[in-house]
Structure formats: C-alpha cells, structure tokens
Amino acid sequence: MDRLALFLDDGGVMNENTRRGPQWQRLVGRYLMPRLGGAPEVWALANADEASRLFREYGRYFGANPHASWSEYWAGYEDDWLTGMCAVVGVAAPAERAARLQLSLDCALYVTRRVRAVYPGAVGAIRRLHAAGYALCTASGEPSWELDGYLTGMRVRGCFTALQCVVLTR
C-alpha cells in the first residue's frame, strides 16, 4: 500500500512567524557580532530592516515572473541581506562574494536550529502523523537548509521525507 503524503508549510502552520522574527534578530546579532564586530542589538535592528525590505522584493520579483530561477535569486538575496546589514551596522562585509555567501549560510544554519516558535501541539501532531504512516513533506517558501534547521530544532526532522522550497506568488 502506498503511503499518503502530507505537505506542511512552516511559517504560519508549524511555526509562528510573529515569535520567530524577534528570535531571528537576536540570534543574528549573537552570531555575527563576534565575526564582524558591531553591537548585537544593532545587528538585530539591521536584520529586521533588511529582512522586511528583502521579503517585499521577493514578492515583487516572483510576482512579476513566477517561473524565475529561485536558486539564482537566492544567492543574490543572501548577499544583499548580509551586505545590507553590514552597511547599517557600520562594519565591513567580507570582500569576497563566496565568503559573504558562506557567512550568510552559516548564520542561517546557526539561527534556524535555535529558534523556538513552534505552535503549541504542532510537534505532537507531527509525531502522530508520522507514526500513523504518513509521508511528511514541507512545501514552504524557504530554502531546504532553513527548513532542515527549523525541523531539527523542533526535534522532528526524522519525521519528514522531503523538504521542498515552493515559490509562493499571488
């Protein structure tokens, strides 16, 4: 018998974005301050500003062309995110693009494993669905490595068989 697959979104379904945002800001500051300088609280504010700006740009970009390459877009997004925050904080971003992209990725991996914004009951429901034999997958507008981090932090990563980034447009 084939297993039934369930696709679960992350933000707004498993995790509460209004709680996640402030944690991201604090954790970005904690991660980047010892690596690049600046004050953690300034990094937090810079992250809030840059993330808001880039989320709006994401919507416009894919709204104008829903078939645009996500991987090409995302590399620019990560670079813009880090260099934008560095400008706000007043510190130099790494000179090499590859180093900036690696630092952005490392920061996201650090943050996503530490954020705790799960909705009450979500972890139990995920475990019950997995135990009942459902193939659990994600369908979210986030990269798979961020989804992996959130699910790892929730201690339910082993319940999921696939992590999909789906570009959502209106």
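The values are calculated or read from the model by the stated rules, or taken from the named source; none is laboratory data. Predicted model, so just to flag it, every value in this text is computed and none were measured. No Cβ is skipped: glycine too gets one built from the backbone with ideal geometry, and neighbour counts run over all protein chains shown.
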TYR110 hydroxyl-bearing (Ser, Thr, Tyr) and either within 24 Å of ALA39 (Cα to Cα) or loosely packed, with under 13 Cβ neighbours inside 10 Å (or both): yes
Can you give me the number of residues within the range 41-72 that are over 16 Å from GLY84 (Cα atoms) and either under 19 Å from the mean Cα position of the chain (by Cα) or part of a helix (DSSP H, G or I) (or both)? 10
Test result for GLY38, surrounded by 14 or more Cβ atoms within 10 Å (Cβ to Cβ), touching an Asp or Glu at 6+ places or on another chain (Cβ under 6 Å) and either assigned to a loop (DSSP other than H, G, I, E, B) or modelled with pLDDT of 90 or more (or both): no
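To keep it simple, each residue is scored yes or no on (1) over 23 Å from ARG56 (Cβ atoms); (2) in a helix (DSSP H, G or I).
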{"residue": "LEU101", "(1), (2)": "no, yes"}
{"residue": "VAL111", "(1), (2)": "no, yes"}
{"residue": "ILE126", "(1), (2)": "yes, yes"}
{"residue": "HIS130", "(1), (2)": "yes, yes"}
{"residue": "LEU136", "(1), (2)": "yes, no"}
{"residue": "GLU142", "(1), (2)": "no, no"}
{"residue": "LEU147", "(1), (2)": "no, yes"}
{"residue": "THR152", "(1), (2)": "yes, yes"}
{"residue": "GLY158", "(1), (2)": "yes, yes"}
Looking at LEU54, LEU6, LEU109, which is the one that is touching a Phe, Trp or Tyr at 6+ places or on another chain (Cβ under 7 Å) and closer than 30 Å to ALA132 by Cβ? LEU6
Scanning for something within 16 Å of the chain's Cα centre (by Cα) and either surrounded by 13 or more Cβ atoms within 10 Å (Cβ to Cβ) or more than 18 Å from ARG20 (Cα to Cα) (or both), does the range 120-137 turn up at least one residue? no
May I ask you to list the residues in the range 41-64 that are surrounded by 14 or more Cβ atoms within 10 Å (Cβ to Cβ) and either on the phi > 0 side of the Ramachandran plot or hydroxyl-bearing (Ser, Thr, Tyr) (or both)? TYR58, TYR61
